[in-house]
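For reference, the structure discussed in these notes is given below.
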Amino acid sequence: MIYNAPDRKGRFGPYGGAYIPEILVPELDALRVAFEESWQDAEFHVQYQDLLKTYVGRPTALTPANRLSEALGGGHILLKREDLCHTGAHKINNTIGQILLARKMGKTRIIAETGAGQHGVATATVAARFGLQCVVYMGVEDTERQALNVARMQLLGAEVRPVTSGSQTLKDATNEAIRDWVSNPTDTFYIIGSVVGPHPYPMMVRSFHNVIGEEVKRQLNELTDRNTPDVLVACVGGGSNAIGLFYPFINHPEVQMFGVEAAGEGLDGRHAATLTRGAMGVLHGAMSYLLQDDDGQIELAHSISAGLDYPGVGPEHSWLKDLGRVTYLTETDKNALAGVELLSRTEGIIPALETAHAIAALKKIVPQVAPDSIIVVNCSGRGDKDMQTIMDNL
Ligand SMILES: *Cc1c(COP(=O)(O)O)cnc(C)c1O
């Protein structure tokens, strides 16, 4: 079977779609058309690729991790270094792409939601680069936990609007951003930060992150005589860094794929293991697996890494799980902290706490695969932003 989701309605099997207020139907349609035209347009690609090269710093390195491989007792582990992107994580691949669309569509105002503030910073960064007004919604509780990122966004010229409704975290910030868009549909462009939300966002955000897997293909060919790795590993919050790595290999059945969710305090305690423990439902405009109670109320997620701390997940990951194409594992906060230490000590690379979940999972994955397997791990971000949390916990 050739995998080619989503269909024209943005469906990944039963997942995805667009569950949205009627006023946004023409806006999402216009966005889909603008994206599809741009993606076919050679001039758009020249502009996008030029920014990835001269501003983001792509291509990012593919780093052999020999001491890590040795410590884990096998495999040839390679790290895809998204931590080397401008702003310190993969997120800017997407915000660069979306702001080019905003300009093409003549939008003058950018809005975004943010949890930890990483997507807010990546959005404020590109808004500054193009001189567009930028408003970022952030739960009050998150503005307090992530004061440094609030200061970064403000320095970059964005207005940070604290959200006091609900649990005062990412889920509520997203609700506020959607409300803003409903009130200002004509001049405003909503930059969503992962492969979530209504169609066409999951498809569009995936496309902007495909550069990760495409570069791996070329770099693998230079480093080895192979075009495809044996194993791919990435952490999954909404799922954008994972799908960016996986998608270019999805129709290569010989490539095994592992997504790693946050088990927080453990699967019987507070966690963010949406695919592992969630059930089907609608959140923020799409059908997907969700963490919800028996009445369908969204449950609060927990992870030591703010970027994985979300009760939903991209609809495509829900479909890939049901298809059995990707295996989803979980790692606890404690294992993630050990993962930070392991990568720091073996390779001299301090990963983000999100990324550390993927590193931690290697202890389970390496013994399962052939000893000479080529294993590419997405190093989605750097750990500078997490130093306080790491110091408080190690
Ligand atoms: C935001 C973030 C994630 C999680 O988001 P995805 O959409 O699942 O990729 C992972 N790693 C880092 C470093 C992040 O900043």
* Whichever residue in the range 175-229 is in a helix (DSSP H, G or I) and small (Gly, Ala, Ser) and, among such residues, is nearest to residue 138 (Cα to Cα) -> 177
* Asked: Just for the range 333-348: of the residues that are among the charged types (D, E, K, R) and more than 21 Å from residue 266 (Cα to Cα), which one is surrounded by the fewest Cβ atoms within 10 Å (Cβ to Cβ)?
  -> 345
* **Every residue from the range 230-268 that is assigned to a loop (DSSP other than H, G, I, E, B), more than 20 Å from residue 193 (Cα to Cα) and in contact with a Ser or Thr (Cβ under 9 Å, 6 or more places away or on another chain)** => 230, 252, 254, 255, 265, 266, 267
* Asked: What are the pairs, 6+ residues apart or on separate chains, where a residue within the range 373-389 that is away from the ligand (no atom under 15 Å from the Cβ) and modelled with pLDDT of 95 or more has its Cβ under 7 Å from a residue that is outside any helix (DSSP H, G or I) and among the basic types (Lys, Arg)?
  -> 374/226; 376/80
* Flag for residue 211 being within 16 Å of the ligand (Cβ to nearest atom) and either under 14 Å from the mean Cα position of the chain (by Cα) or buried (at least 24 other Cβ atoms within 10 Å of the Cβ) (or both) -> yes
* Asked: Any residue at all in the range 358-367 that is among the aliphatic types (A, V, I, L, M) and not in a helix (DSSP H, G or I)?
  -> no
* When residues of the range 83-119 are limited to those that are touching a Cys at 6+ places or on another chain (Cβ under 6 Å) and within 12 Å of the ligand (Cβ to nearest atom), the one nearest to residue 208 (Cα to Cα) -> 92
* Structure fact -> Counting only residues that are crowded, with 24+ Cβ neighbours inside 10 Å and hydroxyl-bearing (Ser, Thr, Tyr), the range 69-118 contains a total of 2
* Structure fact -> Filtering the range 230-262 for residues that are within 14 Å of the ligand (Cβ to nearest atom) and within 16 Å of residue 215 (Cβ to Cβ) leaves a count of 10
* Asked: Out of the range 5-21, which residues are out of contact with any helix residue (DSSP H, G or I) (no Cβ under 9 Å at 6 or more places or on another chain) and either modelled with pLDDT under 95 or under 13 Å from residue 282 (Cα atoms) (or both)?
  -> 19
* To do: From 310, 328, grab the single residue that is in contact with a Gly (Cβ under 9 Å, 6 or more places away or on another chain), more than 30 Å from residue 70 (Cβ to Cβ) and not in a helix (DSSP H, G or I).
  => 310
* In the range 309-332, which residue that is modelled with pLDDT of 95 or more and acidic (Asp, Glu) is surrounded by the most Cβ atoms within 10 Å (Cβ to Cβ)? -> 316
* Structure fact -> Given the conditions (1) part of a helix (DSSP H, G or I); (2) buried (at least 18 other Cβ atoms within 10 Å of the Cβ), every one holds for residue 6 apart from (1)
* Subset of the range 125-174 [more than 27 Å from residue 52 (Cα to Cα), over 22 Å from the mean Cα position of the chain (by Cα) and charged (D, E, K, R)] -> 144, 161
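The values are calculated or read from the model by the stated rules, or taken from the named source; none is laboratory data. In this text, all values refer to a predicted model and were calculated from it rather than measured experimentally. FYI the Cβ positions are ideal-geometry reconstructions off the backbone, even for glycines, and counts take in every protein chain you see.
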